[in-house]
Amino acid sequence: MNINGRHYRTIWLKEDDKRVVQIINQLALPHRFEILDVRTAAGVQRAIKDMYVRGAGLIGAAAAFGMYLAALEAGDRSFEQDVLRAAEALKATRPTASNLAWAVNRMLARLTGCEAARLNAAEKRDAARRTAQAVADQDADYCKHIGMYGLDIIKAVAERKKARYGASAPPVHILTHCNAGWLAFVDYGSALSPVYAAFDAGINVHVWVDETRPRNQGANLTAWELCRHGAPHDLIPDNAGGHLMQRGLVDMVITGADRVTRRGDAVNKIGTYLKAVAAQENNVPFYVALPSSTFDFAMREGIEIPIEERDASEVRFVSGKTADGSIETVQICPDETPSRNWGFDVTPARYIRGFITERGVCDASEKGILSLYPEYAGALP
Ligand code: MRU
């Protein structure tokens, strides 16, 4: 993604010191664009847990780079033990998205066991760097392909609208929830990748951006990304989607996902389920865009997915820019009011029109998913 004419990914190794991981600090957006250096595996754990980096694909890539830093820190003799300990700590940072454990396991497969036993410590560290980089490159590549497949869907809607309304056809209105753009991945994004591809192809698109309480990833991050890209959008309150669908102002919903089971139940940011129910009621197609690292082929039912419950203070307080440009946090409820803060919810497969993946589009069912990923047909424990 381009920021002020320069291409950035969300995470990379520092050009002149490959022992340093650099990240875009998402806690500072949209008001400040800031890059942070992370030098230790514990630093990566903190960056994930406190959401300096967030989003399913990006926390996977960050965990892979965290394992690389753990490999640099590990003792020559206690290498395996040390990286296993780091792996457990990284996996415990955020429990819901599959990408994180998937990436850590991919690193462990390279750094421990019989294959790795043939390498000396320096070779293992080198393998760790190359594998972490491969995880990041694959994430970006898969998201680019999601964009290409999603573009076909948007193009078909645009053509239908043109046939119906002629040259003055209104834009293709796409509603999205949370941030599943390039900030949630290494580059391109999942739900927003088709939007960028359509916009770049000259299709008249417009995005309804849910603010996404309580952390406001829509207002802070999705809106910021769309501004940088110049793509038309409007920020809306989380509860406006149903109203817009009733009025025919949403052509499709595209969200990302943090974990999708082999039967097609999708976990995504809290509030997604309500959008899916409203979409079904109003006959609006609801798509979920995801790379294959988000599928959990070993799990059948969405209800089994652990749902992260975050600190209640995220509901009770909001932060923003004041008129004088300073960033302030204010309390929005009575002092004595308790609150609860679930980060995600489950959208059952029956509400989902299709999955947009790096291998194409499929039905939200075990049969549909396995038609694209037949190698997982026997993956149940
Ligand atoms: O809590 P977050 O911001 O890490 O949530 C993850 C998300 O960004 C969303 O749920 C998103 O739609 C899926 S991740 C691409």
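The values are calculated or read from the model by the stated rules, or taken from the named source; none is laboratory data. Note that this is a predicted model, so its numbers are computed, not measured. No Cβ is skipped: glycine too gets one built from the backbone with ideal geometry, and neighbour counts run over all protein chains shown. Ligands, DNA and RNA are excluded from the accessible area calculation, which covers all protein heavy atoms including side chains. Shrake-Rupley method; radii C 1.70, N 1.55, O 1.52, S 1.80 Å.
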Original post:
Counting DSSP beta bridges in the chain, what percent are antiparallel, to the nearest 5?
Top reply: 55
**OP:** For a quick protection proxy, order the peptides 92-101, 368-377, 157-166 by their average other-Cβ count within 10 Å, most packed first.
**Re:** 92-101, 368-377, 157-166
Original post:
DSSP loop trypsin sites (Lys or Arg not before Pro) in the stretch 325-381 with at most 13 other Cβ atoms within 10 Å of their Cβ, which ones?
Top reply: R340
Subject >> Loop-located trypsin sites (Lys or Arg not before Pro) in the stretch 27-106, at most 14 other Cβ atoms within 10 Å (DSSP) >> reply: R32, R77
Original post:
Is the shape of the stretch 252-381 rounded, prolate or oblate, going by the alpha carbon gyration tensor and its root eigenvalues a ≥ b ≥ c, with a/c under 1.5 for rounded and a/b larger than b/c for prolate?
Top reply: prolate
**OP:** Take the alpha carbon gyration tensor of the chain, find the square roots of its eigenvalues, order them as a ≥ b ≥ c, and report rounded if a/c is under 1.5; if not, report prolate when a/b exceeds b/c, else oblate.
**Re:** prolate
Subject >> Selection of GluC sites (Glu not before Pro), the stretch 1-110, meeting DSSP coil and at most 13 other Cβ within 10 Å >> reply: E15, E34
**OP:** Leaving ligands, DNA and RNA out of it, report the carbon-plus-sulfur percent of the accessible area of the chain at a 1.4 Å probe.
**Re:** 50
**OP:** Set the Förster distance to 51 Å, then compute FRET efficiency between E123 and R247 from the Cβ-Cβ distance, nearest 0.05.
**Re:** 0.25
Original post:
Within the chain, which DSSP H helices have Cα atoms that stretch 30 Å or more along the helix axis and a mean Kyte-Doolittle hydropathy of at least -1.0?
Top reply: 121-165
**OP:** Keeping all protein chains in position, work out how much accessible area E281 exposes to a 1.4 Å probe, and write it in Å² to the nearest 10.
**Re:** 150
Original post:
For the chain, with every protein chain kept in place, what is the accessible area per residue (1.4 Å probe, Å²)?
Top reply: 44
**OP:** Classify the stretch 156-379 as rounded, prolate or oblate, taking a ≥ b ≥ c as the square roots of the eigenvalues of its Cα gyration tensor: rounded when a/c is under 1.5, otherwise prolate if a/b is larger than b/c and oblate if not.
**Re:** oblate
Original post:
Based on DSSP H runs of at least 4 residues, each adding -39500 (n - 2.57), what is the mean residue ellipticity at 222 nm of the chain after dividing by all its residues, to the nearest 500 deg cm²/dmol?
Top reply: -12000 deg cm²/dmol
Original post:
For D82, what accessible area in Å² do you get when you roll a 1.4 Å probe over the heavy atoms of the protein chains, rounding to the nearest 10?
Top reply: 40
Original post:
Based on the mean of other beta carbon atoms within 10 Å per residue, what is the order of 229-238, 123-132, most packed first?
Top reply: 123-132, 229-238
Original post:
Taking the DSSP beta bridges in the stretch 156-379 as the whole, what percent of them are antiparallel, to the nearest 5?
Top reply: 45
